Each structure stands twice: as structure tokens, then as C-alpha cells.
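Report on one structure; see the data block that follows.
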Amino acid sequence: MKFKSDPTLVDFVRTEVAPEGLSFKPLHENRVAVRIKAEDADKLAERFISKFKARLIHETAVDLEGEGFDMIYIYDFSKVRERLVVVLEAQISKDDPSPPSVAKITWQASWAEREIHDLLGISPKGTPDPRKQFLPYEWPNAAESGTAPPRPDKGPSGPQEKWIPLGIMPNDAYATLIPIGPYHPGVIEGQTVYVKVEGETVVSADIKTGFHHRGIQKLIERRGYHKGVFAAERVCGICSAAHGLTYVTACENLYEAEVPDRALYIRTLLLELNRVHSHLLWIGVVADVIGWKTGFHLSWGLRERVMDIIESITGNRVNYGIWRIGGMSRDVSKELAERALPTVKALKAEMAQLLPAVAAHSVVKSRLVGVGPLSYADAFDGGAVGPVARASNWKIDVRADNPPHAMYDPKVISWEVITDDDCDTFGRTLVRVKELLVSSDIIVQCLEHLARTTGEVRIEPKVIPVNSEGIGLNEAPRGELVHYVRASEFNMNLPQAYRIRTPSYRNNALIPKMLVGSNLADVPVVMGSTDQCLACTDRFEVIRESGGPSHSMSWAELVALGKRRGV
Amino acid sequence: MAVNWARSGSPWLIHFNTGGCNGCDIEFVAAITPVYDVERFGIKLQGSPRHADILAVTGPVTVQIAHSLKRVYDQMPSPKFVVALGTCAVSGAPFRNCYCVHGGVDSVIPVDAYVPGCPPKPEAMIDGIAKLLQKIRGTKG
């Protein structure tokens, strides 16, 4: 089953959305690429957001070697036209890489502009925050292009610059700066959150990420399309299904891909199983943070049963390795689907009991209600995605707005978008618990279909044409996930650029906003409430071309190794 | 001998993610939950390095976090042991030689037990830790 593409979209974009465009190119799946002049970027951004209520999905840049950089702005127009995504592209020279800043119009681009400065050395004019994002603050030059453009002497000073040590005279120390991280037992991953407190109340906060900066984007660019599937899954071990699916969707959008219906059902099934396990994991982690150990063990006990189903389908627990461009590598047999159905139904009944356990638990409520508030306006302006946005009463779900494939059509699989108007951590918990039930409904429908029918699960991919672009959009457990791929002009197997924008990237940027005004003891809960995944946020790495000495084994050595292991 | 025997009966664990993808971390946490129940070996997850005997490290060591790993290791009281969980922690895996990655855990601190896998199953992690306990006890498994 395929989406019908709308042939009038290019005309619509040319006449109404972006008349400044120099050229217009229809991409697959209702996406239109528009080439613009770099100096129009901020003017267009302003019009898109104020007039069309469009949403900036991501801003990034591609290194064109000798020809400069290509700035890429991806906008979501799904509220105007069905599934319309507009990609603005503007070429800038390497001598003066300073396009106008979009972050001064929409704050959501702030992290993205820090990121392209880190990686490529592009410094947008008038960007509100020019500090390093993923590299250490003292890192000398841009990671990918190697150029070192002049940096402004002084950016806006973060709280870490005027901190007051703890041992100062009590009369002067009206505010104390507490660095949390990079290692902190309450937060599994590495990050530093600078929290400035007056007494017990947080007055300002700042977050420095990049401790997980290992750079899968560049790894995928060097590995090629088919090996990239496995690298993409390793962006994040928790939402590996979401990354696998988004990767293959992006690559399939490079050419006229045909994916069998059965493969789409298996993809939906795995994505939802992944969501269930991720949400259960999150409920456990937050229960642990607020000291509700029973909740932790309850939800992780349920999660193990989801993991068993995933393992019986894919053979793996965490990185599934069954995503392929053009389909899936393994089928779900009738017997397996029939065996999994009663388990999922029983699991749903038990998960339904989590809702009253959370919503009516006085201790849970006293730790979560009103903690980490995020109003609808802040969520909209800051670009929150996923359950965080939905808990602020913003009905945003990629599965409804820009579905990765046709199976999320309500006519095929019935499901609904969950929202909540609590606008706090309690609301985020309720949204996730309710989504567990919605996801298990989707899983049941997929399994019933798979048990009923048979068919192919993979069609061999065709040659990927040069000069094509693909965008994969998907709702990961944490929110909207975007993969952008551009095919190389010279090499049929390697992409020219691969860019990932993860949901945690957006939600983590909002953490300082949520922290202000909260109690110091609530800081881990607020940080946890976005289900922050630093591995997703800091996903980059560059492999040095002249790597270390490589070692290859001779056949005799291999045999000897096999004998030693008793193989 | 008796001290080693006693020590191997209640090893307290501290978990450090040095830049991994969370895959090993969730499997490690799963090993603590009742289904795998690592507590039957007397193992307890501990928040502070000053209370811990075993440092369980996951992920390739990034340049930015290397000094924190060293510092946490230095804060642990002797005798201390290190387990590298997952292929990234063992060698750096695909991220080796990245400009931002230092390498495997043993490029920063000494490692006593290696558990390869991407990610290793909780059973494999428990097996690795159990082998380390045998090593502490002074007997070979």
C-alpha cells in the first residue's frame, strides 16, 4: 500500500508558500525541495511560522567540499496540506559562512545552529547563543570541515561563568551554582546541568551535552546505505526500532521504493513493541527517582515480557538488526503471531492496572503534580515533541501528521493520539501510561493481520539515483524523529550527507526552562520527565580517515582462535 | 583468603555510562530487576563511588568523559575492580579512532573482566560478574 502523492503541491509551494524560490523539485512522499538565496532564510522562516503556522523540524548543513555549504531547513506544513514537508536549501560560500540566523525568529533552531557551528564552522549571523553544543567549550575548530572561523569573543554568559563556590561567606552567597554531572547516580547518562539555586529554589539552569558525542552520522556516511542500517540502530539502544525504521524510510524515499504490505505491518508491530518497552522503562526510571521502588520493579517486570516477544520475533533484545531497505529480513510466522497474541492481551490488562496505580497513588501525585511545568505556549515556541508536547495539550504526533508509512491510516489500524492538559510531570506520566494501552491495541491488530495473511517481506532495492534526497519522519517513543539523507553525486553506495534530529534533542533544550522555579530535590524528576536520552542527543562522530594501525588475521590465526575457544 | 571470600559475598556495584547508546545500560538495569535478580550474589547497585567495590562501565570512552571516569575510579576504595560491559567498552568498537572517542575502557583505567556483545544479554553480564567474583575469591571457574 502506498500513499497517493499530490501533483499540485509544487505549484502550491511555488505560488503561495515560497515565491522567492529559485527552483522547485518534488521529492517522494509529498515533500518539496526549494532552492533559495541564503539571505532569504530568515524572512521565509518568519512568514512560514506567522502566516502558515508551519513548524521548523530541523536546520542543518551539508559540506559540498569545494563549492561551499548547503544550508538545509526542513519545515512541517502538515497543518496546511496533507503530509507536506518543505525543504529549503541555500548554498553559502566557505569564505563567509554566515547565513542569517533562524534561531532569532524561532528559538527551536538555537541548538541546531550551535551544532552546525560545532561540526562545520558555520556561524549564523545574529544567533542568540554561539557557544559550543556537543564539543567541549575549548575545542579549537569545526569537527567535520576543519575550518576555524573567528568566534565572537564573548557569547551570552552561561551561569557557569559567574558561579559562586559553596564555601563562600553566607552573606554574599545568595545564590549557589550546583553542577550536576557528568556522572550522577540519578541520571544514567553523562551530561552536566548547572543549576543555580537560591535556598532550595532553582533560579536558572543551563545544560551542557556532548559527553556521548560519538558521531554516528559520519559513520553512516562512510559505511554506505546497507551497512548504515546497523549503525543507525545504535544511535540509541532504547529506541533502536524507531531509528531503524526512520533510516530505512529515509533511504527508501531516495528512489521509488516498493515495500510489501506485510513488511509494513511488521515494522508497525516492532515500532509499537519498542514504544511499549520504552514507556515501561521510563515509568520504572521515574518511579525509581521518586523513591517508589515498587513501581520500578512492577514496570520492569512487565517490560521483560515485552522483551521476550521482541526477542522471539527478531532474535535480539535491543538492537534488532532486521530492518532492510525495501522490507524486513525476517518474517513473523503464523504460529509466532498466534502465540504472542494472548501474551499481549494479558499484558494489556496488567498495564491497564498501572493507570490507577499511578493516577491515584498519593505519594506519586505529591512528587509529580505541578513539577516541571511547561505551558502550551512554551512547548510550542520551544519546539517540544512527543509525550512532552502532548502533555502540554499540544496534539502533535508524527504518526497522525506525517506518518512513516500508510499503516497508521485510521482506516487500516484504529488508534488515537493521547493528550493531557496537566502540563507537568504528572501529565507526562499519564500520557505515557495511556499510550501503552493504545500501542498494545495496535500490536494486537498487527499480530491478528500477520496471523491471517502470508506474503513477501522484502523486495530487493533498486539502484539509488544520484542527486536525490530522502526524509524519514517517524514518531519515536520520545517524539518526532527525523533522518535526512542526500545521495552522493559521485558514489552510488555512499550518501553525501546524513543528518539525524532526535526527539531528545528538542526536549532536552527545554529542560532549563522547566527547571526554573522548581525545588532542588525535584531536579532529577524534571530531567527524567522528558525521558531524556543523551545517546540520541549527542549522536555524532567523525572517523579519522587515517585511522590507527589496522590488524587483519590470517586464516591460520583464525583457525587457531576457533580451536582455542572450542568452536 | 577469608577476607577475599567475604569480599566476594557482597560486592557493591557502581554503574558508569561513558558515552554508550544506552543499549547496554538498559540490559544492565534489567539484570538488577527481579527477573534476572543479580542480588542473589549479594550485589547491590550503589550511587556513590566511595561505597563501591566494582565499577561497571558501558560505552566507548569519549574524550569529554574520560577524566570523569578516571576521577570516579580514583574515588573508589581499594581493592577495586572494573567490568567493561559491551563491545564498545571492551574496545571502542565502531567508534574507535573517532576524533571524540578515547577508546575502550582499558585505555583509561585497568579492567578486570570484559563482557563483549552488542549489547550482551543480562545473563552474559551476570556471568561476567560471577567470573569476576571467582577471581576475587582466588579460585578459577
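The values are calculated or read from the model by the stated rules, or taken from the named source; none is laboratory data. What you are looking at is a predicted structure, and each value in this text was computed from that prediction instead of being measured. Virtual Cβ from ideal backbone geometry, glycine too; neighbours counted across all protein chains shown.
The table that follows gives values for the structure above.
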| item | result |
| --- | --- |
| Residues located in the stretch A:30-60, provided they are of a type outside the set (D, E, K, R) and outside any helix (DSSP H, G or I) | A:N30, A:V32, A:A33, A:V34, A:I36, A:F52, A:A54, A:L56, A:I57, A:H58, A:T60 |
| Among residues of the stretch A:400-432, those that are assigned to a helix (DSSP H, G or I) and surrounded by fewer than 24 Cβ atoms within 10 Å (Cβ to Cβ), counted | 8 |
| Close pairs (6 angstrom Cβ cut-off, 6 or more residues apart or separate chains): in contact (Cβ under 8 Å) with a residue 24 or more places away in the chain and assigned to a helix (DSSP H, G or I) in the stretch A:202-221, of a type in the set (K, R) and surrounded by 23 or more Cβ atoms within 10 Å (Cβ to Cβ) anywhere | A:I216/A:R539 |
| Residue match in the stretch A:186-195 (condition: in contact (Cβ under 8 Å) with a residue 12 or more places away in the chain, more than 11 Å from chain B (Cβ to nearest Cβ) and either aliphatic (A, V, I, L, M) or more than 17 Å from A:L534 (Cβ to Cβ) (or both)) | yes |
| Among the candidates A:L347, A:L374, A:L355, A:L341, residue that is out of contact with any His (no Cβ under 7 Å at 6 or more places or on another chain), surrounded by 14 or more Cβ atoms within 10 Å (Cβ to Cβ) and in a loop (DSSP other than H, G, I, E, B) | A:L374 |
| Yes/no for B:V63 being within 11 Å of chain A (Cβ to nearest Cβ) and farther than 25 Å from A:N316 by Cα | yes |
| Hits in the stretch A:185-209 (condition: within 24 Å of A:L281 (Cβ to Cβ) and out of contact with any Pro (no Cβ under 7 Å at 6 or more places or on another chain)) | A:P185, A:I188, A:E189, A:V193, A:T209 |
| Subset of the stretch A:385-399 that is of a type in the set (A, V, I, L, M) and part of a helix (DSSP H, G or I) - its residue that is nearest to A:M527 (Cα to Cα) | A:V388 |
| Test: residue in the stretch B:39-47 that is buried (at least 20 other Cβ atoms within 10 Å of the Cβ), over 17 Å from A:V318 (Cα atoms) and in contact with a strand residue (DSSP E or B) (Cβ under 6 Å, 6 or more places away or on another chain) | yes |
| Selection within the stretch B:92-108 - of a type in the set (A, V, I, L, M) and closer than 11 Å to B:V63 by Cβ | B:V101, B:V108 |
| Hey, B:Y73 assigned to a strand (DSSP E or B) and of a type in the set (S, T, Y) or not | no |
| Candidates A:R339, A:R305, filtered to the one that is within 23 Å of B:G23 (Cα to Cα) and charged (D, E, K, R) | A:R305 |
| Residue within the stretch B:91-114 that is within 14 Å of the chain's Cα centre (by Cα), under 18 Å from B:G9 (Cβ atoms) and more than 9 Å from every other protein chain (Cβ to nearest Cβ) present | yes |
| Selection within the stretch A:229-241 - more than 20 Å from A:I266 (Cβ to Cβ) and assigned to a helix (DSSP H, G or I) | A:A231 |
| Count of the stretch A:387-419 residues which are among the acidic types (D, E) and within 19 Å of the chain's Cα centre (by Cα) | 2 |
| Meets criteria (more than 12 Å from the chain's Cα centre (by Cα), more than 9 Å from chain A (Cβ to nearest Cβ) and surrounded by fewer than 19 Cβ atoms within 10 Å (Cβ to Cβ)) for B:K70 | yes |
| Residues being under 24 Å from A:T209 (Cα atoms), among the charged types (D, E, K, R) and touching a residue at least 40 places away in the same chain (Cβ under 8 Å) - total across the stretch A:55-114 | 4 |
| Failed item, numbered, when A:G210 is tested on (1) within 14 Å of another protein chain (Cβ to nearest Cβ); (2) at pLDDT below 80 | (2) |
| From A:P150, A:P128, A:P136, residue being outside the structural domain of A:R114 (by TED's automatic domain parsing), modelled with pLDDT of 55 or more and within 25 Å of A:I105 (Cβ to Cβ) | A:P128 |
| Every residue from the stretch A:100-122 that is part of a loop (DSSP other than H, G, I, E, B) and under 12 Å from A:M71 (Cβ atoms) | A:S101, A:V102, A:I122 |
| Residue identified as within 23 Å of A:K293 (Cβ to Cβ) and of a type outside the set (F, W, Y) among A:R452, A:R367, A:R399 | A:R367 |
| Complete set of residues in the stretch B:41-51 that are within 11 Å of another protein chain (Cβ to nearest Cβ) and assigned to a helix (DSSP H, G or I) | B:P49, B:H51 |
| Residue in the stretch A:308-320 that is charged (D, E, K, R), part of a helix (DSSP H, G or I) and within 24 Å of B:G86 (Cα to Cα) present | yes |
| Matching residues, the stretch B:7-40, being aliphatic (A, V, I, L, M) and within 11 Å of chain A (Cβ to nearest Cβ) | B:I14, B:I26, B:V29, B:A30, B:A31, B:I32, B:V35 |
| Conditions (1) hydroxyl-bearing (S, T, Y); (2) under 19 Å from A:R305 (Cα atoms); (3) in a helix (DSSP H, G or I): number failed by B:Y36 | (3) |
| All positions within the stretch A:287-318 that are within 9 Å of another protein chain (Cβ to nearest Cβ) and either touching a strand residue (DSSP E or B) at 6+ places or on another chain (Cβ under 8 Å) or among the small types (G, A, S) (or both) | A:G301 |
| Residues (out of contact with any strand residue (DSSP E or B) (no Cβ under 9 Å at 6 or more places or on another chain) and farther than 17 Å from A:L64 by Cα) located in the stretch A:461-493 | A:K462, A:V463, A:A476, A:P477, A:R478, A:G479, A:N493 |
